[in-house]
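Working notes, structure below.
Nothing in this text is a laboratory measurement; each read-out follows from the coordinates by a stated rule. Remember, it's a predicted structure, so these values are computed and weren't measured experimentally. Don't worry about glycine lacking a Cβ; one is built from the backbone with ideal geometry, like all the others, and counts go over all protein chains shown.
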Amino acid sequence: MESRPETVAAATTILGLCGIDHDDRVAIWTDTAKRGPLPQAFLTAALVRGARPLLLRGTETASQLLAAPPEAALKAFRDCDLVVDIATQPWLYTTANADTLRAGVSILQVLLEEDDVERLVPRQQIADEAKRLIAGLAGAREIRITSPKGTDATIRCGSRRFAYQAGFVEKPNHLYDSIGVSAITFYPERGAVDGLFMVDGPISLYPRCFLPDEPVAIRVKAGRAMDIAGGRDARRVAAWLTSYSDPDSYHFSHTGFGLDARASLSALTPVDAESLRGGVNIALGSSMFPQGGGDVVSKSHLDAILLDATFQVDGETLVSKGQVVSDK
Ligand SMILES: [Fe+2]
């Protein structure tokens, strides 16, 4: 499919931020279920950057969440500097994803369609802010999340460290990112989370994202979601989790907060949800993500956002009732 000049321009900007340069090898990974101009736009953008692109198209992975690409594609990725991942289903949090990253290959996930890629094109300033924030949290011991709706939870940091996403990769330490995602993230160890989360913002049951009519109450004990209550939407979330028949679907995977003022509740993509500036994220399920230190592999991953929460680290307030404190 032919791509608009604006889409190619956005893709070129993104590959530039990723440091793609002359003779770099860029694999563009897509599948037969994926429509739209993004694979072609990234192919053109890679050529504009002077790189050597390789366009790989597999059969669809739409029927299974967190399905890894076939072995032949994974082998081809090993010879590349960057994989632009335009697959239908996310394969972040899979062992294949972690192994590719451990081989030193960067992966840039593309969950958005072209209009949203242009709208949320990554910005260096947001990455700089994220890096500043996590540098200040280097020795964090405890995260506390509260909200007027009744959220009250504690996360013990142990040896884990904060990570960030800003929509582009940066070698050598930031090998994974997802276009449009701008957030601070923290992946706790097993058993390190206790409390109640009142989810009043978007909930991503991939690939869908919806806004609950009334808050969904998720009670977490020793790092596992034990109870999900709150009416029709809570029943939907519980049924989605049950459908995977995987005990680790209930593992508390990550928390953190969004940093992009352009991300919008009206767009309601999973990427917007996680990036809403001042929105506090929580997730259940797989956490296998070397950059964040997560190590639990599950068949599912659910993201949910608290819109009015306060996020504190060792008593310092970073987000107050849905607002990043430095914006005040
Ligand atoms: Fe997540």
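Couplings 3J(HN,Hα) for region 256-263, derived from phi with the Karplus relation 6.51 cos²θ - 1.76 cosθ + 1.60 (θ = phi - 60°), are x, 8, x, 10, 9, 5, 7, 5 Hz, where x marks Gly and Pro. Give the long-range amide H neighbours of L54: residues separated by 5 or more places, or on another chain, with amide H under 5 Å away, using H modelled in the peptide plane at 1.01 Å from N. Those qualifying (amide H under 5 Å, at least 5 residues apart or on another chain) are V26, A27, I28. Considering only N173, N97, N281, give the residue with the highest GNM mean-square fluctuation for the chain, with springs between Cα atoms whenever their separation is below 10 Å. Maximum among the listed residues: N173.
Taking Cα centre as origin and charging only the Cβ of basic (Lys, Arg, +1) and acidic (Asp, Glu, -1) residues, the dipole magnitude of region 134-265 rounds to 180 debye. Here the dipole of the chain is about 480 debye; that uses its Cα centre as origin and unit charges on the Cβ of Lys and Arg (positive) and Asp and Glu (negative).
Rounded if a/c is under 1.5, else prolate if a/b is larger than b/c, else oblate: which is region 110-259, with a ≥ b ≥ c the root eigenvalues of its Cα gyration tensor? Because a/c hits 1.5 or more and a/b fails to exceed b/c, region 110-259 counts as oblate. Straight-line cross-link reach from K149 at under 23 Å between alpha-carbon atoms covers these lysines, not counting any fewer than eight positions away in the same chain: K221, K321, K328.
Using C-alpha pairs below 8 Å separated by at least 6 residues, the relative contact order for region 124-327 is 22 percent. Under the shape rule built on the C-alpha gyration tensor, where the axes satisfy a ≥ b ≥ c, region 5-119 is oblate, since a/c reaches at least 1.5 while a/b does not exceed b/c. With Cα atoms defining each centre, region 210-265 and region 94-171 are spaced 18 Å apart in the structure.
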